[in-house]
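Quick notes on the structure that follows.
The values are calculated or read from the model by the stated rules, or taken from the named source; none is laboratory data. All of these numbers come straight from a predicted model, not from anything done at the bench. Backbone-built Cβ (ideal geometry, glycine too); neighbour counts: all protein chains shown. The protein model used for the area step is the full one, side chains on, heavy atoms only, and it has no ligands, DNA or RNA in it. Shrake-Rupley method; radii C 1.70, N 1.55, O 1.52, S 1.80 Å.
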Amino acid sequence: MPFTLHFGEADLLRCRFALSPLWETHEAVRTLARPERHGYHLPWLRRLRGALATDDGLDFTPLLLLMPRRGHNPDCLYPPPIGPAATFEEEIARVRATDPELARDDLARALADAGTTDRPEARAMLADPAGALRELAALIERAWRTLVAPDWPRLRALLEADIAYHSRRLAEVGLEGLLRELHPRLEWDGTSTLTLDTASSHHRDLDGAGLVLMPSVFSWPDVVSGFDPPWQPTLVYPARGIAGLWSTPSARTPEALSRLLGRVRAEVLCALDEPAGTTALAHRLGLAPSSVSAHLSVLRDADLLRSRRYGHQVLYERTPLGIALAAAPGTD
């Protein structure tokens with residue numbers, strides 16, 4: 001039986017987007033352990049090898065014991081985000097504040113589904129859930145610093161660009177049309193039920209809580225749901241634009257365009273496969289934010305880019321003319 005989410009009238013008015021650095025941290029750990037995901041993140045993996053080799057004692061086994069391929073994963077370790085721009089520090093504080101008894105039940109379900117209940121580490125978790133929460137939160141924080149934080153500006157830019165795109169699609173095609181577009185395994189029955197085609201079974205009545213729609217980089221290409229009360233109902237879907245996430249801008253900048261605009265300005269234009277802000281572009285290109293800001297202003301004045309505010313930052317995206325120039329052939 002598939003996953004189903006049942007909407008009431010109030011739920012249709014309470015759907016919102018969010019992103020979660022905590023979720024991306026968990027999925028980054030999962031990606032390390034799953035070779036079938038490696039093809040999407042090879043540049044990231046190559047860069048990590050050195051960092052992981054020199055970080056003595058960084059062992060993700062306790063987290064991996066709680067990550068069955070099918071079945072329950074502990075919601076208490078990555079609760080749905082509390083807002084559209086929650087920081088990792090805010091999210092990990094919620095993990096540490098979890099009721100130990102609630103955590104014990106959550107951990108026990110995940111260990112049972114993973115078939116790891118008899119492992120000594122698993123027995124220790126269940127015997128002391130408060131201690132397990134402290135140790136797991138500390139390990140998640142180390143995973144964040146090593147795996148995700150160095151690239152968070154780039155990841156966040158892609159996730160925010162996805163939310164901006166799908167917010168526009170929501171205005172254009174409505175909630176039913178949007179849900180059908182998020183992933184081919186999602187099906188809306190036309191009235192009140194969203195179905196996720198999967199081998200596992202789960203049903204939840206949203207009961208007025210609405211639904212959080214959350215794009216993810218490291219979950220790609222999977223779509224994930226199944227959060228139980230008291231956690232906010234959430235649907236995690238693959239973010240758009242992952243194909244260009246780790247690409248090097250200079251490798252895709254046409255030489256003719258560089259001669260026309262200048263090398264750096266052409267790289268800024270070509271780096272905007274998805275809308276992004278100044279800080280994210282500076283991080284991606286290895287340039288000072290002030291330099292990127294100046295180039296963005298020139299490109300916008302030349303009608304190659306447009307800008308709009310999203311939350312706390314300004315996002316830039318190509319105009320039709322900018323798209324045409326960035327797609328120009330790389331040879332004369």
Under 11 Å, Cβ to Cβ, from residue 7 - net charge with Lys/Arg +1 and Asp/Glu -1: -4
Paramagnetic label zone (point 7 Å from Cα along Cα-to-C-beta, residue 36; backbone N under 15 Å) in region 205-249: 219-224
Virtual spin-label span in nm between residue 243 and residue 309, 7 Å along Cα→Cβ: 3.4
Rounded to 10°, Cα long-axis angle of helix 21-33 versus longest principal axis of the chain: 80
Local net charge near residue 74, Cβ-Cβ under 12 Å (Lys/Arg +1, Asp/Glu -1): -3
Label-point gap, in nm, between residue 126 and residue 167 - each point 7 angstrom along Cα→Cβ: 4.5
Potential extension, residue 10-residue 202 segment - 0.36 nm per residue separation minus Cα distance: 67.0 nm
Antiparallel DSSP beta bridges within the chain, as percent of all bridges there, nearest 5: 60
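Sort largest first and round to whole Å: the equivalent ellipsoid semi-axes of region 169-270, each the square root of five times a Cα gyration tensor eigenvalue.
The equivalent ellipsoid of region 169-270 has semi-axes of 39, 15, 12 Å.
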Exposure ranking of 135, 24, 89 by accessible area [1.4 Å probe, largest first]: 135, 89, 24
Ordering of 35-46, 149-160 by burial proxy (mean other Cβ atoms within 10 Å per residue, highest first): 149-160, 35-46
Part-to-part distance (alpha-carbon centres) for region 137-177 and region 11-48, which is given in Å: 9
Cα long-axis angle, helix 42-54 against the chain (0 to 90 degrees, to the nearest 10): 60
Theoretical gain in end-to-end length, residue 300 to residue 138 [0.36 nm per residue, Cα-Cα removed]: 53.9 nm
Difference of contour (0.36 nm per residue) and Cα-Cα distance, residue 288 to residue 117: 56.6 nm
Rg(Cα)/(2.2 N^0.38 Å) for the chain, N = residue count: 1.07
With DNA, RNA and ligands ignored, accessible area of residue 163 (1.4 Å probe; Å², nearest 10): 0
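Apply the a/c threshold of 1.5 to the C-alpha gyration tensor of region 9-96 and tell me whether it is rounded, prolate or oblate.
Since a/c reaches 1.5 and a/b is larger than b/c, the shape of region 9-96 is classed as prolate.
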For region 92-232, convex hull volume per residue from C-alpha positions, Å³: 146
Pairwise label distance in nanometres, residue 85 with residue 191, each label 7 Å out on the Cα-Cβ vector: 4.1
Gyration tensor (alpha-carbon) shape descriptor, region 46-143, a/c threshold 1.5: oblate
